[in-house]
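Novice: Have a look at the structure that comes next, please.
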2 protein chains.
Amino acid sequence: MKVAFVGLGTMGGPMALNILKAGHQVTVYNRTREKEEALAAEGARRAESPAKAAEAAEIIVTIVSDTPDAEEVILGENGIIHGAKEGAILVDMSTISPAATRRMSGKLSEKGIKMIDAPVSGGSEGAQLGTLAIMVGGDEDDVRKTLPVLEAMGKTIIHVGPIGAGQVTKAINQIIIAGTYLSVAEGMTLGIKAGLDMYKVIEAIRGGAAGSWVLDNRAGNVVENEYPLGFRVRLHRKDLGIALEAAKELGVTMPCAALVEQIENGLMSQNYGDEDVSALGRAIRKQSGLE
Amino acid sequence: MKVAFVGLGTMGGPMALNILKAGHQVTVYNRTREKEEALAAEGARRAESPAKAAEAAEIIVTIVSDTPDAEEVILGENGIIHGAKEGAILVDMSTISPAATRRMSGKLSEKGIKMIDAPVSGGSEGAQLGTLAIMVGGDEDDVRKTLPVLEAMGKTIIHVGPIGAGQVTKAINQIIIAGTYLSVAEGMTLGIKAGLDMYKVIEAIRGGAAGSWVLDNRAGNVVENEYPLGFRVRLHRKDLGIALEAAKELGVTMPCAALVEQIENGLMSQNYGDEDVSALGRAIRKQSGLE
């Protein structure tokens with residue numbers, strides 16, 4: 001298929017490469033133009049703007065940092081809306097506001113351009129290996145047409161509902177990890193101050209109701225007080241902001257997510273925003289007098 | 001071995017039966033004496049008091065509801081301390097205060113009675129099947145001597161540290177499930193109010209960083225707004241109280257555990273204390289205008 005790909009960051013770069021490798025014709029654009037070079041060397045065409053990239057495309061993939069960035073590349077002066085042809089499908093894989101997603105979809109549809117939202121989880125490793133989990137919102141037909149492209153990037157592709165539903169699902173993911181990371185941080189800190197062998201403790205509880213991906217893969221970071229990436233605190237904080245905005249719109253109370261947001265504000269003010277989100281353990285350790 | 005078993009509740013009854021079935025000689029005592037009858041029918045002896053039960057025992061197992069109950073059967077007027085012989089080992093499998101555990105151990109040691117703490121997880125099903133996880137604190141030698149009895153009750157038996165360490169480990173378990181249940185409740189409620197198919201959402205996120213035993217086994221309770229047992233809110237609330245007391249003693253800050261404690265106070269005041277702890281979802285749903 002003819003694919004345009006806008007946003008070649010840590011996630012987008014390897015995702016675009018996987019689409020190329022699957023045999024699709026890919027035209028790339030990135031705000032920092034030099035990042036297009038590695039893709040061009042693998043056979044991608046380059047375009048001067050999102051609008052130009054979109055011109056010939058059947059499917060246009062966007063993956064940028066936040067809601068204003070998505071609005072810029074989709075609706076801005078040189079945005080996709082000014083280049084995409086009628087019937088083209090925009091697949092926004094950024095993690096952004098569900099409400100903004102629905103607004104953009106409405107504007108695109110006035111021009112006959114379709115949109116699905118398809119945020120991902122699985123990190124840079126999943127992007128490279130093509131094993132991302134992709135949470136998809138949109139019309140059944142549109143989703144089906146994009147599958148050859150989505151399957152080049154992800155392993156678990158689940159259509160959860162209409163436009164915006166993918167973003168709500170991603171928000172749910174970030175809400176759940178918030179409380180899991182925080183409670184693992186609290187539990188680990190209690191055990192450390194009690195002088196326990198924390199690896200034995202983890203072994204004792206991991207098979208039961210306390211078991212989780214976070215306990216298995218990140219509790220050791222709290223024990224060692226080292227937080228290598230992973231997934232940055234500042235990106236999780238951004239995603240929680242989106243989740244809390246959605247909660248306000250929908251009338252949902254999320255005290256645990258709000259608590260984690262506050263602790264992450266504190267981490268960022270102390271320049272820990274680029275540590276892994278397990279650095280919630282750093283916050284709890286510090287507040288408990290353990291440096 | 002000659003075993004005394006004090007406390008034949010939902011957990012203790014089947015645990016004592018498993019010790020009997022493993023071929024040990026068991027003498028039982030329960031405050032509500034009728035509960036001894038089922039065990040007696042299987043070959044257990046009955047005693048008139050914890051002290052009497054302990055008289056001939058090499059190993060004395062206790063599993064009662066809370067710290068004051070443990071103090072009563074161990075140190076009270078007819079308590080184990082007045083009957084147990086020198087060299088006997090008390091295995092307290094209740095979930096109680098680590099500090100109280102160490103105090104009781106000190107008093108017992110003045111009489112030459114040893115003590116280990118060995119709280120469990122795995123619920124009534126684990127008690128019946130003999131598949132409990134047992135978190136053990138105490139001296140290496142004492143723990144080794146009790147293994148034939150512990151192995152009749154549990155599958156995962158991990159010695160985490162000195163006396164009290166088992167209780168701290170259990171507290172860590174309860175702290176971690178607190179935040180996991182709460183954040184799953186918040187995420188599910190957001191998705192329900194957004195109108196998503198929540199079973200598809202769970203499928204989309206369960207393989208990644210949001211994955212947990214709680215998400216796999218209890219998130220559906222929040223979706224259905226039904227909270228069958230499981231593990232009672234009031235018992236988890238009791239255990240969190242122990243954890244928060246330990247946090248105060250050790251100087252640890254646990255904002256998420258404290259938040260869950262408050263929400264559980266609210267659930268209990270509305271007569272939901274005997275629902276499963278996943279009823280944190282009921283609280284979040286109610287606060288979000290979903291009955």
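Novice: Looking only at the range A:50-71, which residues are assigned to a helix (DSSP H, G or I) and crowded, with 24+ Cβ neighbours inside 10 Å?
Specialist: From the range A:50-71, those assigned to a helix (DSSP H, G or I) are A:50-54, A:67-71; that's our starting set.
Correct list: A:Pro50, A:Ala53, A:Ala54, A:Ala70.
Novice: Taking the range B:1-49, which residues are in contact with a helix residue (DSSP H, G or I) (Cβ under 6 Å, 6 or more places away or on another chain), part of a loop (DSSP other than H, G, I, E, B) and of a type in the set (Ser, Thr, Tyr)?
Specialist: The answer is B:Thr10, and nothing else.
Novice: Moving on to the next point. May I ask you to say which residue of A:Arg237, A:Arg206 is charged (D, E, K, R) and within 24 Å of the chain's Cα centre (by Cα)?
Specialist: Checking each option against the conditions leaves just A:Arg237.
Novice: Scan A:Glu245, A:Glu249 and give me the residue that is under 27 Å from B:Gly289 (Cβ atoms), facing chain B (nearest Cβ under 10 Å), surrounded by fewer than 19 Cβ atoms within 10 Å (Cβ to Cβ) and touching a residue at least 60 places away in the same chain (Cβ under 8 Å).
Specialist: Within the list A:Glu245, A:Glu249, the selection yields A:Glu249.
Novice: Please enumerate the residues belonging to the range B:183-201 that are surrounded by 22 or more Cβ atoms within 10 Å (Cβ to Cβ) and either at the interface with chain A (Cβ under 7 Å from one of its Cβ atoms) or touching an Asp or Glu at 6+ places or on another chain (Cβ under 8 Å) (or both).
Specialist: Passing the criteria: B:Ser183, B:Val184, B:Glu186, B:Gly187, B:Thr189, B:Leu190, B:Gly191, B:Ala194, B:Leu196, B:Val201.
Novice: From A:Thr156, A:Thr180, grab the single residue that is closer than 25 Å to B:Lys193 by Cβ, open to solvent by 40 Å² or more (accessible area, probe 1.4 Å) and touching a strand residue (DSSP E or B) at 6+ places or on another chain (Cβ under 7 Å).
Specialist: When all the criteria are applied, what remains is A:Thr156.
Novice: Could you identify the single residue in B:Tyr272, B:Tyr199, B:Tyr227 that is in a helix (DSSP H, G or I) and more than 16 Å from the chain's Cα centre (by Cα)?
Specialist: B:Tyr199
Novice: Name the single residue, out of those in the range A:131-153 being among the β-branched types (Val, Ile, Thr) and open to solvent by less than 30 Å² (accessible area, probe 1.4 Å), that is farthest from B:Asp197 (Cα to Cα). Reasoning before the result, please.
Specialist: Taking the range A:131-153 as the starting set, the residues that turn out to be among the β-branched types (Val, Ile, Thr) are A:131, A:134, A:136, A:143, A:146, A:149.
Next cut, open to solvent by less than 30 Å² (accessible area, probe 1.4 Å) only: A:134, A:136, A:143, A:146, A:149.
Values: A:Ile134: 16, A:Val136: 12, A:Val143: 16, A:Thr146: 21, A:Val149: 24 Å.
Once the filter is applied, the top-ranked residue is A:Val149.
Yes/no per residue for (1) more than 21 Å from B:Ile175 (Cβ to Cβ); (2) in contact with an Asp or Glu (Cβ under 9 Å, 6 or more places away or on another chain); (3) aromatic (Phe, Trp, Tyr):
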site	(1), (2), (3)
A:Pro255	no, yes, no
A:Ile263	no, no, no
A:Leu267	no, yes, no
A:Gln270	yes, no, no
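Novice: If you scan the range B:209-224, which residues turn out to be of a type in the set (A, V, I, L, M, F, W, C) and either at the interface with another protein chain (Cβ under 7 Å from one of its Cβ atoms) or under 24 Å from the mean Cα position of the chain (by Cα) (or both)?
Specialist: Answer for the range B:209-224, where residues must be of a type in the set (A, V, I, L, M, F, W, C) and either at the interface with another protein chain (Cβ under 7 Å from one of its Cβ atoms) or under 24 Å from the mean Cα position of the chain (by Cα) (or both): B:Ala209, B:Ala210, B:Trp213, B:Val214, B:Leu215, B:Ala219, B:Val222.
Novice: When both residues are 6+ apart or on different chains and their Cβ atoms are under 8 Å apart, which pairs have a first residue that lies in the range B:92-104 and is open to solvent by 10 Å² or more (accessible area, probe 1.4 Å), and a second that is modelled with pLDDT under 95 and assigned to a strand (DSSP E or B)?
Specialist: none
Novice: Further, regarding this structure: Determine if the range A:30-49 includes at least one residue that is touching a residue at least 60 places away in the same chain (Cβ under 8 Å) and open to solvent by 10 Å² or more (accessible area, probe 1.4 Å).
Specialist: No; the residues of the range A:30-49 include none that is touching a residue at least 60 places away in the same chain (Cβ under 8 Å) and open to solvent by 10 Å² or more (accessible area, probe 1.4 Å).
The values are calculated or read from the model by the stated rules, or taken from the named source; none is laboratory data. Note that this is a predicted model, so its numbers are computed, not measured. Glycine also receives a Cβ, built like all others from the backbone with ideal geometry; neighbour counts cover every protein chain displayed. The accessibility values were calculated without ligands, DNA or RNA, using every heavy atom of the protein model including side chains. Shrake-Rupley method; radii C 1.70, N 1.55, O 1.52, S 1.80 Å.
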